[in-house]
Amino acid sequence: MRSRYPSSTSTFASSFGPGPLTPAIKALIAANVAAFLLSSIVPALTLRLGLRPADVVGSLQLWQPVTYMFLHAGVFHILFNMLALWMFGVELERMWGSRFFTKFYFVSGVGAALTTLLLSFTPLPFADQLYYSLTIGASGAVYGVLLAYARYFPHRPIYLYFVFPVPAKYFVIIMGAISLLSSMNGPGGGVAHTTHLGGLVAAYLYLKSGKGTNLMAELKYRYLKWRINRMRRRFDVYSGGRADDVDRRVH
């Protein structure tokens, strides 16, 4: 006979973080780890697959706005990006489904790359350096995931620097402000942070454009349907006759 109570091991495992990896996030993490290991063995791949506006425009290496997301500069770089993807992306994928989540992830990442490309042609102080600099990492896409998480779970606490609990909606504002100020601070300060900021902007515009409208309508519909079914259990409606005649009950 099975025990009525779950074991302490399973309880601890399910209470740590958002839970097991969902299909799309599992595939993304596997692809990032594989690309990281491959680029560590063949460093030339980083120059070929990383995002460099001069190569995208001058040499038509049009794959770079996509491939740059799977490369990372070091162990801690990929570790924190994949940890954030798991922590904030699992609930979104469960809610949206793997297909929509994957599309949103790439929209955020590619949007961040396009922001970097566009800014490299502006008269901003760091534009010339941005044009010839190499950008790698999933941070732009992860920032987009973080913005979506804050939109759907605005009051969830996120620990800033792993110490200070901050509601998700304010955490995103703080991170966006840091990226904006860093992109304007100093001659080279905008190289990495423009990508972060671009991921936030791309994610916001994508969700704001109405791509998530059908999802929210579906969630509201299911919630109202649950409320109605719950209320129907409290009241019986009859078409007439004896109240104890179950065959005359109207559903």
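The values are calculated or read from the model by the stated rules, or taken from the named source; none is laboratory data. Quantities reported herein were computed from a predicted structural model and do not represent experimental measurements. Cβ: placed from backbone, ideal geometry, glycine included. Neighbour counts: every protein chain shown. When the accessible area is computed, the model is the full protein with side chains, heavy atoms only, and any ligands, DNA or RNA have been set aside. Shrake-Rupley method; radii C 1.70, N 1.55, O 1.52, S 1.80 Å.
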### Query
Which one of these does THR116 not meet: (1) buried (at least 22 other Cβ atoms within 10 Å of the Cβ); (2) modelled with pLDDT of 90 or more?
(2)
### Summary
Taking segment 60-83 and the residues there that are open to solvent by 70 Å² or more (accessible area, probe 1.4 Å) and in a loop (DSSP other than H, G, I, E, B), the one that is modelled with the lowest pLDDT would be ALA73
### Query
Do we find a residue being modelled with pLDDT of 90 or more, loosely packed, with under 10 Cβ neighbours inside 10 Å, of a type outside the set (Ser, Thr, Tyr) and farther than 28 Å from LEU114 by Cβ anywhere in segment 38-57?
yes
### Summary
Checked segment 1-22 for anything open to solvent by less than 90 Å² (accessible area, probe 1.4 Å) and either modelled with pLDDT of 90 or more or hydrophobic (A, V, I, L, M, F, W, C) (or both); matches are ALA13, LEU21, THR22
### Summary
Log entry, pairs with first residue in segment 23-34 being within 15 Å of GLY89 (Cα to Cα), second being basic (Lys, Arg), beta carbons closer than 9 Å, six or more apart or on different chains, reads ALA24/ARG99
### Message
Can you list residue pairs whose Cβ atoms sit under 8 Å apart, with the first residue in segment 166-178 being closer than 16 Å to ARG156 by Cα and the second being open to solvent by 20 Å² or more (accessible area, probe 1.4 Å) and of a type in the set (D, E, K, R)? Count only pairs 6 or more apart in sequence or on different chains.
### Response
PRO167/ARG156; ALA168/ARG156; LYS169/ARG151
### Task
Only residues that are under 25 Å from HIS72 (Cβ atoms) and either loosely packed, with under 15 Cβ neighbours inside 10 Å or more than 15 Å from the chain's Cα centre (by Cα) (or both): list them for segment 139-162, please.
TYR159, LEU160, TYR161, PHE162
### Query
Looking at segment 126-163, which of its residues are assigned to a loop (DSSP other than H, G, I, E, B) and either over 19 Å from ARG52 (Cβ atoms) or among the small types (Gly, Ala, Ser) (or both)?
SER133, GLY137, ALA138, PHE153, PRO154, HIS155, ARG156, TYR161, PHE162, VAL163
### Selection within segment 84-95 - surrounded by fewer than 20 Cβ atoms within 10 Å (Cβ to Cβ) and farther than 17 Å from ALA30 by Cα
GLU91, ARG94, MET95
### Task
Would you kindly identify the helices (runs of 4 or more DSSP H) lying entirely within segment 14-59 that contain at least 2 residues that are of a type in the set (S, T, N, Q)?
23-41
